[in-house]
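**Q** Handing you this structure, nothing more for now.
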Amino acid sequence: MFVDCKSYANEILAKAKGRPGALAIIQVGDDPRSDVYVRGKERDCEKVGIDCNVFKLPRNADIFEIEGLIDQLNSDREYTGIIVQLPLPTYMPEDHICQRIALSKDVDGFNPQSDFHPCTPEGIVWLLKQLHGSLDGAEAVIVGRGKLVGAPLQKMLLDQNATVTACHSHTRNLKEHTKWADIVILATGKHMFDQSYFRTSLGRQTVIDAGITFDETGRLCGDLITEQIDHSNMNVTPVPGGVGLLTRAVLVAHTGGVNLI
Ligand code: NDP
């Protein structure tokens, strides 16, 4: 069964409704995929009455321009949140630039010292709590230890007292881990997980698909090969329309000053 992430995302957005706040999105260049993501964020802000302004810099902007803009927005009291739309052009050091955002306005939670958790893992933990109630003692397997999803999620699930197994590309017998866990979070960007990775009996599994990639036909998809999954024994988040919606909603909540966990 697919989890209705749209409803859950609306529940998160409702928490930000009516709260004062404004989001500044810095976008460099005209990448069409970034345009789609930025428009989605603008729409979510609009739904709850949070202002959202996009500051576009040309593709050949130099690093001083973007640093100057961040400094200006850091001291502008109108903005409660600032994000840099990634990816940046390859000559720009993403970590250095994102870490220039004031910690109190780093609503994407990129800086480990930020006042906010990173949005995607926070949305995942919040969703799991809605689906499972307490995560105390739950067996969770995370596949992927990347800095955006897998690595921060390990700590956040441990903080919920889940028993966490971190898997990655060197893990032997990956299927032995994914088959046994109550909760599996996929965060690899590899469209390769078919039914053979999951169990068919011994109770339902929850599978959170955080991956974003494209299949051989160019269609946006996640890590799961959903057509090859037996949905009767699993709760699965879809891609598109899954973790991405939650991530955007958490961003808006942060901008309104709301932390979900
Ligand atoms: P990375 O893309 O940096 O790393 C991928 C991870 O997957 C690595 O830890 C790698 O292992 C592991 N991996 C790759 N292949 C395999 C394999 N065959 N078996 C087991 N593990 C494997 O991670 P990120 O955290 O940056 O991103 C993960 C995914 O989440 C991406 O698809 C990204 O696009 C998506 N994403 C989605 C968001 C959303 O809003 N839905 C937001 C942010 C990211 P190793 O460490 O050994 O190399």
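The values are calculated or read from the model by the stated rules, or taken from the named source; none is laboratory data. Note that this is a predicted model, so its numbers are computed, not measured. Counting neighbours? That spans all protein chains shown, and the Cβs are built from the backbone with ideal geometry, glycine included. Remember, those area values only see protein heavy atoms, side chains included, never the ligands or the DNA or RNA. Shrake-Rupley method; radii C 1.70, N 1.55, O 1.52, S 1.80 Å.
**Q** Cβ contacts < 9 Å: first residue on the phi < 0 side of the Ramachandran plot, restricted to the stretch 13-26; second residue acidic (Asp, Glu) and open to solvent by 70 Å² or more (accessible area, probe 1.4 Å), any location; separation 6+ or different chain. Result?
**A** Every condition considered, the pairs that remain are 22/51; 22/78; 23/51; 24/78.
**Q** On to the next question. Considering only residues of the stretch 188-226 that are among the hydrophobic types (A, V, I, L, M, F, W, C) and assigned to a loop (DSSP other than H, G, I, E, B), which is nearest to residue 130 (Cα to Cα)? Give the derivation first.
**A** Within the stretch 188-226, the subset among the hydrophobic types (A, V, I, L, M, F, W, C) is 192-193, 198, 202, 207-208, 210, 212, 214, 220-221, 224-225.
Among the residues that remain, those that are also assigned to a loop (DSSP other than H, G, I, E, B) are: 192, 198, 202, 210, 212, 225.
Values: 192: 27, 198: 22, 202: 22, 210: 17, 212: 23, 225: 25 Å.
So the residue we want is 210.
**Q** Within the stretch 248-259, how many residues turn out to be within 11 Å of the ligand (Cβ to nearest atom) and either touching a Ser or Thr at 6+ places or on another chain (Cβ under 9 Å) or open to solvent by 10 Å² or more (accessible area, probe 1.4 Å) (or both)? Walk me through it before giving the result.
**A** Quick first cut of the stretch 248-259, residues within 11 Å of the ligand (Cβ to nearest atom) only: 248-251.
Narrowing further to those that are either touching a Ser or Thr at 6+ places or on another chain (Cβ under 9 Å) or open to solvent by 10 Å² or more (accessible area, probe 1.4 Å) (or both): 248, 250.
Number satisfying all stated conditions: 2.
**Q** When only residues in the stretch 25-46 that are open to solvent by less than 80 Å² (accessible area, probe 1.4 Å) and out of contact with any strand residue (DSSP E or B) (no Cβ under 9 Å at 6 or more places or on another chain) count, which is farthest from residue 15 (Cα to Cα)?
**A** Residues of the stretch 25-46 that are open to solvent by less than 80 Å² (accessible area, probe 1.4 Å), as a first pass: 25-29, 31, 34-35, 38, 40-42, 44-45.
Now drop any that are not out of contact with any strand residue (DSSP E or B) (no Cβ under 9 Å at 6 or more places or on another chain), which leaves 31, 40.
Numbers: 31: 31, 40: 18 Å.
Step by step, filter the stretch 25-46, then rank; the result is 31.
**Q** Between a residue in the stretch 157-172 that is away from the ligand (no atom under 11 Å from the Cβ) and any residue that is open to solvent by 40 Å² or more (accessible area, probe 1.4 Å) and at pLDDT 95 or above, which pairs come within a Cβ distance under 6 Å, given they are 6 or more apart or on different chains?
**A** Partner pairs satisfying both residue conditions: 161/136; 163/139; 164/154; 164/158; 165/177.
**Q** Ok, one more. So, of the residues in the stretch 47-63 that are within 22 Å of the chain's Cα centre (by Cα) and aliphatic (A, V, I, L, M), which turns out to be surrounded by the most Cβ atoms within 10 Å (Cβ to Cβ)?
**A** 50
**Q** Among the candidates 114, 134, single out the residue that is hydroxyl-bearing (Ser, Thr, Tyr) and touching a helix residue (DSSP H, G or I) at 6+ places or on another chain (Cβ under 8 Å).
**A** On the way: 134 fails: touching a helix residue (DSSP H, G or I) at 6+ places or on another chain (Cβ under 8 Å).
Going through 114, 134 in turn, the sole match is 114.
**Q** Could you tell me which of the residues 183, 208 is crowded, with 22+ Cβ neighbours inside 10 Å and away from the ligand (no atom under 16 Å from the Cβ)?
**A** Values: 208 fails: away from the ligand (no atom under 16 Å from the Cβ).
Every option except 183 fails the conditions.
**Q** Look at the stretch 139-155 and say how many of its residues are away from the ligand (no atom under 13 Å from the Cβ) and more than 20 Å from residue 204 (Cα to Cα). Explain how you work it out, then say what you get.
**A** As a first pass, look at the stretch 139-155 and keep what is away from the ligand (no atom under 13 Å from the Cβ): 139-140, 155.
With more than 20 Å from residue 204 (Cα to Cα) added as a condition, the list becomes 155.
Qualifying residue count, the stretch 139-155: 1.
**Q** May I pose another question? Please state which one of 112, 87, 93 is open to solvent by 10 Å² or more (accessible area, probe 1.4 Å) and either among the small types (Gly, Ala, Ser) or more than 16 Å from the ligand (Cβ to nearest atom) (or both). Quick ask: steps written out before the conclusion?
**A** Details: 112 fails: either among the small types (Gly, Ala, Ser) or more than 16 Å from the ligand (Cβ to nearest atom) (or both); 87 fails: either among the small types (Gly, Ala, Ser) or more than 16 Å from the ligand (Cβ to nearest atom) (or both).
Criteria check complete, one pass: 93.
**Q** Taking the stretch 222-247, which residues are crowded, with 21+ Cβ neighbours inside 10 Å and near the ligand (Cβ under 10 Å from one of its atoms)?
**A** If we filter the stretch 222-247 for residues that are crowded, with 21+ Cβ neighbours inside 10 Å, which is where we start, we get 222-224, 236-237, 239, 242-247.
Residues satisfying the conditions are 222, 223, 237, 239, 242, 243, 244, 245, 246, 247.
**Q** Could you grab me the full set of residues in the stretch 152-180 that are open to solvent by 40 Å² or more (accessible area, probe 1.4 Å) and either among the small types (Gly, Ala, Ser) or within 16 Å of the chain's Cα centre (by Cα) (or both)?
**A** 154, 155, 166, 169
**Q** Among what's in the stretch 211-220 and is under 11 Å from residue 192 (Cα atoms) and within 10 Å of the ligand (Cβ to nearest atom), pick the residue that is surrounded by the fewest Cβ atoms within 10 Å (Cβ to Cβ).
**A** Here the residue is 213.
**Q** Considering only residues that are in contact (Cβ under 8 Å) with a residue 60 or more places away in the chain and among the β-branched types (Val, Ile, Thr), which ones fall in the stretch 188-212? Lay out the reasoning, then the answer.
**A** Restricting attention to the stretch 188-212, the residues satisfying the condition of being in contact (Cβ under 8 Å) with a residue 60 or more places away in the chain are 206, 208, 210-211.
Matches in the stretch 188-212: 206, 208.
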